[in-house]
Amino acid sequence: MNLNDFVAYWARWRPDHPALIFEEGAQSWGALQRTVEALALGLAAQGVRQGDRVGLLMGNRPELAQLTLAVLRLGAIVVPLNFRLTTHELRPLLEDCGCRLVVSEGKYLPLLESHAADLALRIFATEGTDCQPFARLLIETGCVPHVEVAADDGAFICYTSGTTGRQKGALLTHRSVIHPGQAKVLAEGLSWRDRILVAVPLVYTGAMISCFMQLAVYAGATMVLDADFNPDRYLATIERQRISALTTVPVIWERLLNSPEFATRDLSSLISAAAGGAPVRPDLLAAYRARGVALIQVYGLTEASGLVTTLRPEDAAGHPGCAGRAIMGTQIRIADAAGRSVPTGEVAEVLIRGPHVMREYWNRPEDTAANIRDGWLRSGDLGLMDEEGYLKIVDRAKDMIISGGMNVYPAEIEPPLAAIDGVVELAVIGVPDAQWGEVPLIILHTQRDARTVIADIEAVGRKVLAGYKRPRHVVITAEPLPRTFSGKLAKAELRRRYPEAPDDAHALFRSVGNRVAS
């Protein structure tokens, strides 16, 4: 099977069922299929052939979903482009994927204009006069060229968020995209009757792959698309549209919780509410349980098509801090640098094997060989497996701090401190220290008085953190912390800003017993 099979199936089987809802308009599966065919004809007329790469530079709007399916219909490869990048940051992606045709939203044209001539880009746009109009891609008469699309053919090149400083394009195949959708639909009983809310930009892998392709397209469900995220409107949409499934990052769930609308909106339609991309605080889970929403915790990464494990709500209390068990058809093991499995409960790198693992890093055979060995994907995440097969992600390997010879994981420090009243955002990174080599530094966003926040941090830290894990410095900022496009804290950017503890940082835990485990 390939992704086109599902679109054609739902167009035949339930042609009048809504596939896409945006603002006040709706498009059925039958009408969507007709638009996809018309766009595929238009793209083919522009020379797009099987295996070609087509860039899409848009915010959330129906044309983005329609174009994605049209590119796949031709056996070509979709390249979602992040509209939050600068023109300088976009160029290496355009060069790397080698796309010659980009369809853009009008307001993002300035990001492309300086590259059009020397990269020989053909640019179509939804608005604007200095490019070819989107309407020219809609050809409603004719036959789309017949293309045999194999399950292992490329479907998407999804560029990693760049937290390592260099974006690499993960080539996801039709098979790799379909597999997690199949696993999630079967495990959670999802179907064409469901409604999926997507307000995170579709050009983010978690939205495009995990929500649109794996739920809406695979299950034939209805995708309710929002142009951007607004907490109050989001909650109102859940109630009005009877949203039954959504997946987003914990920071979004936190912003919903803090909305004045949270206590009064009807959330009873939610049967699959998933949080992934970062650890979920126990108090956040409890707050949603109190509103009748059982959050499913998930773990995934772009290179594994967005989904690797799930933690059922009923298992969360007995396995705090865990990311869950492997989804159907997936194998996980914890291994050292040589690829040898380590004993249960020991921390090492998480390795993943299954049909959802990417085929390769586009144009990077050395990186592919280094990250996929004997079919096992090296995730770059540090974790452990318990006796029951539950995975716990400890931290990103690159975020680990070595202090006095001890491994310190920011992901263990951040949750209890982030739960302190008045802490809006908090991140922990390592900074050099003459005595211990490295020590943890907190960057904290809060409107509270600095002295009281620091006092609370020290009180909680003494209670829950071993001495060697306790941060030695805290920087308090009134500005939100930087995040990647996918909503994760941008630790690489924080390390760039704070290569060492700044002079105005506040000191923490200066007692003699700081290095003694409590």
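The values are calculated or read from the model by the stated rules, or taken from the named source; none is laboratory data. Please read these numbers as outputs of a predicted model, since none were measured by experiment. As a convention, Cβ positions derive from the backbone with ideal geometry for all residues, glycine included, and neighbour counts pool all protein chains shown.
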- Note on the structure: Apart from one, (1) in a strand (DSSP E or B); (2) of a type outside the set (Lys, Arg); (3) without any contact (Cβ under 8 Å) to a residue 40 or more places away in the chain; (4) surrounded by fewer than 21 Cβ atoms within 10 Å (Cβ to Cβ) all hold for Gln297; the odd one out is (4)
- Query: What residue, of Met223, Met213, is closer than 29 Å to Met328 by Cβ and touching a Ser or Thr at 6+ places or on another chain (Cβ under 9 Å)?
  - Reply: Met213
- Message: Show me the strands (runs of 3 or more DSSP E) found entirely inside segment 184-279 where at least 1 residues are within 16 Å of the chain's Cα centre (by Cα).
- Response: 195-198, 245-248, 272-276
- Note on the structure: From the option list Leu235, Leu197, single residue qualifying as more than 25 Å from Ile178 (Cα to Cα) and at pLDDT 90 or above is Leu235
- Task: Answer with yes or no whether Glu479 is surrounded by fewer than 18 Cβ atoms within 10 Å (Cβ to Cβ), farther than 30 Å from Cys211 by Cα, out of contact with any strand residue (DSSP E or B) (no Cβ under 6 Å at 6 or more places or on another chain) and not hydrophobic (A, V, I, L, M, F, W, C).
- Result: yes
- Task: At least 3 residues that are hydrophobic (A, V, I, L, M, F, W, C), surrounded by fewer than 17 Cβ atoms within 10 Å (Cβ to Cβ) and within 26 Å of the chain's Cα centre (by Cα) in each: list the strands (runs of 3 or more DSSP E) lying fully within segment 365-444 that qualify.
- Result: none
- Task: Sort out which residues of segment 323-354 are part of a loop (DSSP other than H, G, I, E, B), over 18 Å from the mean Cα position of the chain (by Cα) and crowded, with 19+ Cβ neighbours inside 10 Å, and write them in order of number.
- Result: Thr330, Gly354
- Exception for Gln50 within (1) more than 22 Å from Val102 (Cβ to Cβ); (2) surrounded by fewer than 15 Cβ atoms within 10 Å (Cβ to Cβ) falls at (1)
- Message: Please verify whether Leu119 is farther than 23 Å from Thr222 by Cα, modelled with pLDDT under 95, in contact with a Phe, Trp or Tyr (Cβ under 8 Å, 6 or more places away or on another chain) and aliphatic (A, V, I, L, M), treating the condition exactly as stated.
- Response: no
- Item | Residues satisfying the stated conditions in segment 67-91, i.e. over 21 Å from the mean Cα position of the chain (by Cα) and within 24 Å of Arg483 (Cβ to Cβ) | Thr87, His88, Arg91
- Query: How about segment 218-240: which of its residues are over 25 Å from Phe83 (Cα atoms) and surrounded by fewer than 17 Cβ atoms within 10 Å (Cβ to Cβ)?
  - Reply: Ala236, Glu239, Arg240
